[in-house]
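To start, the structure under review is shown below, and the notes come after it.
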């Protein structure tokens, strides 16, 4: 079972969810299938899924940050990470999840100083290092944006079992993406320890970060 569907089923089992396009589903199964088909972007529930699921995720990436520096997961070895897949010009869930991660780190204060918040782009054409350096500080000055070649980003998505698909174009012709939007908490051992729905409050995200990391 793909990760998106496994998480969607686990989340939707507690409550019928509202999908990302505003459709209200009558059953948990219907909501899970809809969400999984779009990369499980916006399931609305107060619960956070807990591992283990029938997957193991060890992050792997070789990308470039917003300063132009080449980085891999080894650069953050021994440090917890909060990883999100999105794009800087997103006007939807990214504008909720990214500020929430930043606010959660602020709430944790010194306890959160070691946590590395990463956004791995699904839109490399627009998310150049320069573009991310301009935009991401609006969400949090601590956010590190990562981009790279199509192949390198595909490898990163595969490691996290994340999908991203262009689903529309704006009136100006800019692409709009559907993408898996969970926040992945990576422990000091380099393994994903939990995944969080992006609609949790900063206070709840901070609580779960402190618990798992």
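Give the number of residues within the range 165-190 that are under 18 Å from residue 114 (Cβ atoms) and over 15 Å from the mean Cα position of the chain (by Cα).
Filtering the range 165-190 down to residues under 18 Å from residue 114 (Cβ atoms) leaves 183-190.
In the following step, the residues that additionally are over 15 Å from the mean Cα position of the chain (by Cα) were identified as 187-190.
Counting residues in the range 165-190 that are under 18 Å from residue 114 (Cβ atoms) and over 15 Å from the mean Cα position of the chain (by Cα) gives 4.
Specify which of the listed residues (103, 77, 70, 82) is crowded, with 19+ Cβ neighbours inside 10 Å and assigned by TED's automatic domain parsing to the domain that holds residue 151. Full working, then the answer.
Details: 103 fails: crowded, with 19+ Cβ neighbours inside 10 Å; 77 fails: crowded, with 19+ Cβ neighbours inside 10 Å; 70 fails: crowded, with 19+ Cβ neighbours inside 10 Å.
After applying the criteria, what remains is 82.
Report, by residue number, each residue of the range 106-142 that is surrounded by fewer than 23 Cβ atoms within 10 Å (Cβ to Cβ), touching a strand residue (DSSP E or B) at 6+ places or on another chain (Cβ under 9 Å) and assigned to a helix (DSSP H, G or I).
129, 131, 133, 135, 136 - these are the residues of the range 106-142 that are surrounded by fewer than 23 Cβ atoms within 10 Å (Cβ to Cβ), touching a strand residue (DSSP E or B) at 6+ places or on another chain (Cβ under 9 Å) and assigned to a helix (DSSP H, G or I).
Determine whether residue 88 is in a loop (DSSP other than H, G, I, E, B), touching a helix residue (DSSP H, G or I) at 6+ places or on another chain (Cβ under 6 Å) and assigned by TED's automatic domain parsing to the domain that holds residue 201.
Working: in a loop (DSSP other than H, G, I, E, B): yes; touching a helix residue (DSSP H, G or I) at 6+ places or on another chain (Cβ under 6 Å): yes; assigned by TED's automatic domain parsing to the domain that holds residue 201: yes.
The answer is yes for residue 88.
Cβ-Cβ distance below 7 Å, separation of 6 or more or different chains: which pairs start in the range 88-99 with a residue that is under 11 Å from residue 178 (Cα atoms) and end on one that is at pLDDT below 90?
93/41; 93/42; 93/181; 93/198
Which members of the range 57-67 meet the condition of being closer than 19 Å to residue 129 by Cα and surrounded by fewer than 19 Cβ atoms within 10 Å (Cβ to Cβ)? Don't jump to the end; show me each part of the working.
In the first step, residues of the range 57-67 are kept if they are closer than 19 Å to residue 129 by Cα; the result is 61-67.
62, 65, 67 - these are the residues of the range 57-67 that are closer than 19 Å to residue 129 by Cα and surrounded by fewer than 19 Cβ atoms within 10 Å (Cβ to Cβ).
For every residue, the table says whether it meets (1) surrounded by fewer than 18 Cβ atoms within 10 Å (Cβ to Cβ); (2) more than 18 Å from residue 82 (Cα to Cα).
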| residue | (1), (2) |
| --- | --- |
| 154 | yes, yes |
| 159 | yes, no |
| 167 | yes, yes |
| 170 | yes, yes |
| 177 | no, yes |
| 183 | no, no |
| 200 | no, no |
| 213 | no, no |
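Could you tell me whether residue 207 is surrounded by fewer than 17 Cβ atoms within 10 Å (Cβ to Cβ), closer than 23 Å to residue 92 by Cβ and assigned by TED's automatic domain parsing to the domain that holds residue 90? Explain how you work it out, then say what you get.
Values: surrounded by fewer than 17 Cβ atoms within 10 Å (Cβ to Cβ): yes; closer than 23 Å to residue 92 by Cβ: no; assigned by TED's automatic domain parsing to the domain that holds residue 90: yes.
Taking the combined requirement at face value, the residue does not satisfy it.
The values are calculated or read from the model by the stated rules, or taken from the named source; none is laboratory data. Keep in mind the model is a prediction, meaning the values are calculated, not measured. Glycine also receives a Cβ, built like all others from the backbone with ideal geometry; neighbour counts cover every protein chain displayed.
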